[in-house]
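Right, one structure below, let's go through it.
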Amino acid sequence: MKMTLRWFGSKHDSVTLDQIRQIPGVTGVITTLYDTVPGEAWEEQEIIDMINEVNAHGLEVSGIESVNIHDSIKIGSKDRDQYIDNYITTLERLGKHGIHMVCYNFMPVFDWTRTELARKRADGSTVLAYNQAAVDAIKPEEMFASINSDSNGFIMPGWEPERLAKVKELFELYQNVDEEKLFDNLKYFLERIMPTCDKYDINMAIHPDDPAWSVFGLPRIIINKQNILRMMKMVDNPHNGVTFCSGSYGTNRENDLPDMIRSLKGRIHFAHVRNLKFNSDSDFEEAAHLSSDGTFDMYEIMKALYDIGFEGPIRPDHGRMIWGEVAMPGYGLYDRALGATYLNGLWEAIVKSNR
Ligand code: DNO
C-alpha cells in the first residue's frame, strides 16, 4: 500500500504540502481540481499545474478524489451523454499525465451526511457525528445551512453552496429514480467509460454511500457486500473497482468489514481507513483511528487489506480536531497524521509477522 493524505489544494486547504511531506511514510496526496463543477471537462493545463505543484514539494499525486458525476448521469436524463463525453475527456487528460486512480460516488443529491461537525468528546477533541433522529427532524435544505454554518469557514466537499441552490429542483428530478434505475444508470456510465480506463489504465474507485442507507428518501445503492458485488459483476472489468471506506460501510453494523475486503480482492483500488464509535444503532461519532477508541478492529481491517495483496493508495480518513487546530472539519493535519502513523505501524507489524 501507499500511504497518502487528502489535500484540497493551496487555495482551499489549511494544511500545506510541506507539512504533509513531514508525516513519516506519506509519499503522496489525493487531490482534485476543487474549483471545477460536476459535468465539465477538466483543462489539461490545470491538471499539469496541479501535478507540478505537488511534485515540487517532493510528493506525488496518487489519485483523484473526486471527479464528480453530473446529476444527469445519475438520473439518466436525455442530456447525459454530453456529460459522459466530458468525463471521458477528463479521464483521458488525467491518464495522459500519469494519474491512474479516480475516486467518485453515485449518491443522489447529497454526498456524505453528518448532523454535527464538532461534537465534543470527553478528551476535549471535536468530531463529526451522525444522529438519525436529527436527520429525520430536518428538511434537506436545512442540512446544507447547518453544515455550512459549522464548517469553520471552509467549504465542505460535497456541500458546495451551488448545490444548495438546486436542492429542491434536484429532489424533483430524482422522483422517478429508484434503486434499480440507479443501478442501470451506473452501468450505462461505466460501460461508456471503461474503454478509456482500459486504454489509460485508470482504476475507477466508487466511494460508498455514507451513511450506508437511504437519507431523505433518496435511493442509495453502494451500501453493502451484496450490492457492491452486483456492481462488480454487472461491468466485469478490473478497472471497475471500489474505494473501500471503512467509516462509510461501517455505518451499517451488519457489514462485516474484513469479510467485505476479502470478497473484493483485485477490485479495491483505494482505501479510506478510519474508526467509528457507536453510541447506539442510530448515533455514531468519528473516533480516533486507534481500535480501542471506537467500534472497529483496525488490525483486522489492515490485515484483510494485506491478505488480498492491496497495493493501492490508502489514506487515514476524517480526523478529530485536536490541539487547538482550526481546519476543515475532519481534515485537519494533526489527527490525520496520527492516523497515518498508526496505520503504518499496524502495516509494518503485519508485514513482519507474515515473513
Ligand atoms: C467525505 C468523503 C466523501 C468522498 C466522496 C467521493 O469526507 O469521504 O466526500 O470524497 O464521496 O466521491
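In the stretch 135-147, is there at least one residue being at pLDDT 90 or above and either assigned to a helix (DSSP H, G or I) or touching a helix residue (DSSP H, G or I) at 6+ places or on another chain (Cβ under 7 Å) (or both)?
Scanning the stretch 135-147 turns up at least one residue that is at pLDDT 90 or above and either assigned to a helix (DSSP H, G or I) or touching a helix residue (DSSP H, G or I) at 6+ places or on another chain (Cβ under 7 Å) (or both).
Out of (1) free of Cβ contacts under 8 Å to residues at least 40 places away in the same chain; (2) away from the ligand (no atom under 13 Å from the Cβ), the odd one out for Gly76 is which?
Of the numbered conditions (1) free of Cβ contacts under 8 Å to residues at least 40 places away in the same chain; (2) away from the ligand (no atom under 13 Å from the Cβ), the odd one out for Gly76 is (1).
Among what's in the stretch 313-336 and is under 19 Å from Gly9 (Cβ atoms), among the aliphatic types (A, V, I, L, M) and within 20 Å of the chain's Cα centre (by Cα), pick the residue that is surrounded by the fewest Cβ atoms within 10 Å (Cβ to Cβ).
The qualifying residue surrounded by the fewest Cβ atoms within 10 Å (Cβ to Cβ) is Ala327.
If you check every pair at least six apart or on different chains, which have Cβ atoms under 6 Å apart with a residue in the stretch 248-272 that is crowded, with 23+ Cβ neighbours inside 10 Å first and a residue that is modelled with pLDDT of 95 or more and among the polar types (S, T, N, Q) second?
Tyr249/Asn255; His269/Asn203; Phe270/Thr243
Does the stretch 163-174 contain any residue that is touching a His at 6+ places or on another chain (Cβ under 9 Å), over 29 Å from Asn240 (Cβ atoms) and either outside any helix (DSSP H, G or I) or open to solvent by 50 Å² or more (accessible area, probe 1.4 Å) (or both)? Talk me through it step by step, then tell me what you get.
Initially, the stretch 163-174 is screened for residues touching a His at 6+ places or on another chain (Cβ under 9 Å), giving none.
Checked the stretch 163-174: no residue is touching a His at 6+ places or on another chain (Cβ under 9 Å), over 29 Å from Asn240 (Cβ atoms) and either outside any helix (DSSP H, G or I) or open to solvent by 50 Å² or more (accessible area, probe 1.4 Å) (or both).
Answer yes if at least one residue in the stretch 116-124 is closer than 15 Å to Gly332 by Cβ, assigned to a loop (DSSP other than H, G, I, E, B) and within 13 Å of the ligand (Cβ to nearest atom), and no otherwise.
no
For the list (1) within 15 Å of the ligand (Cβ to nearest atom); (2) under 30 Å from Arg320 (Cβ atoms), I need the number of the one condition that Lys139 fails.
Looking at each condition in turn, Lys139 falls short on (1).
Output the number of residues of the stretch 201-218 satisfying the condition of being open to solvent by 10 Å² or more (accessible area, probe 1.4 Å), on the phi < 0 side of the Ramachandran plot, at pLDDT 95 or above and away from the ligand (no atom under 12 Å from the Cβ).
1
Of all residues being more than 16 Å from the ligand (Cβ to nearest atom) and among the hydrophobic types (A, V, I, L, M, F, W, C) in the stretch 302-324, which is nearest to Met204 (Cα to Cα)? Just the residue, please. It would help to see each step written out before you state the result.
First, the residues of the stretch 302-324 that are more than 16 Å from the ligand (Cβ to nearest atom): 302-311, 322-324.
Okay, now just the ones that are also among the hydrophobic types (A, V, I, L, M, F, W, C), so 302, 304-305, 308, 310, 322-323.
On the way: Met302: 21, Ala304: 21, Leu305: 18, Ile308: 18, Phe310: 15, Ile322: 33, Trp323: 36 Å.
In this case the residue turns out to be Phe310.
Quick one: what pairs do we get from the stretch 31-50, first residue more than 18 Å from Tyr104 (Cβ to Cβ), second not charged (D, E, K, R), C-beta under 6 Å, 6+ apart or different chains?
Glu46/Leu33
The values are calculated or read from the model by the stated rules, or taken from the named source; none is laboratory data. These numbers come from a predicted model, not from an experiment. All Cβ positions, glycine included, derive from the backbone under ideal geometry; neighbour counts span all protein chains shown. Just the protein is used for accessible areas: all its heavy atoms, side chains included, with ligands, DNA and RNA removed. Shrake-Rupley method; radii C 1.70, N 1.55, O 1.52, S 1.80 Å.
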